[in-house]
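Asks: Supplied in structure tokens, the structure appears directly below.
The values are calculated or read from the model by the stated rules, or taken from the named source; none is laboratory data. These figures come from a predicted structure and were not determined experimentally. Virtual Cβ from ideal backbone geometry, glycine too; neighbours counted across all protein chains shown.
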Amino acid sequence: MLRIILFFSLILSASIAFSREPLTGGQAVDSLSLVNLSAQSSRINIALVGDMMLGTNYPDDTLADDDGVSLLQSVAPYLRGADITFGNLEGVLLDEGDPRKSCNLPENCYLFRTPSHYVNYLSEAGFDVMSLANNHARDFGEAGLNASMATLASAGIRHSGQHGDIASWEVRGLQVALIAFAPFIGSHDMLDEDKARELVHELSLAHDIVIVSVHAGAEGPEAMHLTFAKELYHGEDRGNVDSFARAVIDAGADLVVGHGPHVPRALHVYRGRMIAYSLGNFCTFWGISVDEARGLAPILTVELDGEGRFLEGQIISALQVRPHGPVLDPEHGAARLIARLTRIDFPDSSLLISAEGRVRLKPSRVTEVILPTPNSSASQSF
């Protein structure tokens, strides 16, 4: 009998510990009302990667010798196995056309135009949804962005980025939405946190799982650590990534995935929801440096319950070794780096990340019953 009581106590503890809202002093602790059994039994597995640019034929043809056929083949098995697979698509999927992008600093300006048939490589690798909210999505103007959207859709790949472009679909009986933000004109604006909260809250009312993608933050090896403040890159406001992530989770987001710095950053769980601040580069064949940390290509898989709470995850470490695409890294470099960044940036983190990349919650955060007062924030940040 004692074991039965202990078992249900642990279930109740986990439900309270990961609730988005704290219990108030007047609320009864009723296991039947606190534990949504259908949500607890529903699980969804999501694979996430960072920046992707499979090659460009503008201004010069620097496509892979095999026309990109093999770029994703080594890692495809780890992408196809998820219920949802996501990446950030840099540049456009377009066969011809002139650039429309102007740059204040030409020496730091790159334009990417990937042949439209490369979408087949994304589809074959298992990608379900892509972000088009980044600083290369409009390299060839609005027409180029629209072409990318149409090409992805023709291959059955959803997308988000342009104002009003939000992916919404059903996965394993759950309604899922993905909305992509960036600090660039024409995208859902991550610099306007009030509007971002409004958009995410509206999505949360109609969806079981809301995923937020954000392309933001400074770039390069010097930008691996969070500043917890506004970040600039070449004088451009790239936002406060931590403030944004917490704001959209407060509004109803269940998962925040960042990209843009071209290097990995820490992981954090806030109010039971996972934040991946940057997954760096994944498959960037030309024009984007893959030296040192920029060549790490992590695949982050996360398992969520039916209400979006983080359960467990895995960092699958890969490396970009040109002229090939990403390949598995036996040294687990990405996992080790992300673990170290997480320990430094979040000394009180609730996450345990092994050298091989297993991501799990510390046992105390799963089993401890938390009953905060109305003014307490004890259940807000994990």
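Asks: Do we have any residue at all in segment 341-363 that's in contact with a strand residue (DSSP E or B) (Cβ under 9 Å, 6 or more places away or on another chain), basic (Lys, Arg), surrounded by fewer than 19 Cβ atoms within 10 Å (Cβ to Cβ) and assigned to a helix (DSSP H, G or I)?
Replies: Yes, the conditions are met somewhere in segment 341-363.
Asks: Can you tell me which residues in segment 152-165 are crowded, with 20+ Cβ neighbours inside 10 Å and in contact with a His (Cβ under 9 Å, 6 or more places away or on another chain)?
Replies: 152, 160, 161, 162, listed by residue number.
Asks: Within segment 212-221, is even one residue hydrophobic (A, V, I, L, M, F, W, C), part of a strand (DSSP E or B) and buried (at least 19 other Cβ atoms within 10 Å of the Cβ)?
Replies: yes
Asks: Within segment 319-340, track down each residue that is farther than 17 Å from residue 79 by Cβ and assigned to a loop (DSSP other than H, G, I, E, B).
Replies: Listed by number, the residues that qualify are 321, 322, 323, 330, 331, 332.
Asks: If you go through segment 153-170 one residue at a time, do you hit one that is touching a residue at least 60 places away in the same chain (Cβ under 8 Å) and either more than 19 Å from residue 259 (Cα to Cα) or among the small types (Gly, Ala, Ser) (or both)?
Replies: no
Asks: Turning to a different aspect of this structure: Which members of segment 268-318 meet the condition of being over 12 Å from the mean Cα position of the chain (by Cα), assigned to a loop (DSSP other than H, G, I, E, B) and farther than 27 Å from residue 206 by Cβ?
Replies: Of everything in segment 268-318, those that are over 12 Å from the mean Cα position of the chain (by Cα), assigned to a loop (DSSP other than H, G, I, E, B) and farther than 27 Å from residue 206 by Cβ turn out to be 285, 286, 287, 288, 289, 290, 291, 297, 317.
Asks: Output yes when any residue across segment 178-187 is of a type in the set (S, T, N, Q) and surrounded by fewer than 22 Cβ atoms within 10 Å (Cβ to Cβ), and no when none is.
Replies: Within segment 178-187 (the criterion being of a type in the set (S, T, N, Q) and surrounded by fewer than 22 Cβ atoms within 10 Å (Cβ to Cβ)), the answer is no, since none of the residues qualifies.
Asks: Looking at segment 266-313, which of its residues are among the aromatic types (Phe, Trp, Tyr) and at pLDDT 95 or above?
Replies: 270, 277, 282, 310
Asks: Tell me whether segment 85-93 contains one or more residues that are buried (at least 16 other Cβ atoms within 10 Å of the Cβ), touching a Gly at 6+ places or on another chain (Cβ under 8 Å), modelled with pLDDT of 95 or more and farther than 19 Å from residue 55 by Cβ.
Replies: Yes, some residue in segment 85-93 is buried (at least 16 other Cβ atoms within 10 Å of the Cβ), touching a Gly at 6+ places or on another chain (Cβ under 8 Å), modelled with pLDDT of 95 or more and farther than 19 Å from residue 55 by Cβ.
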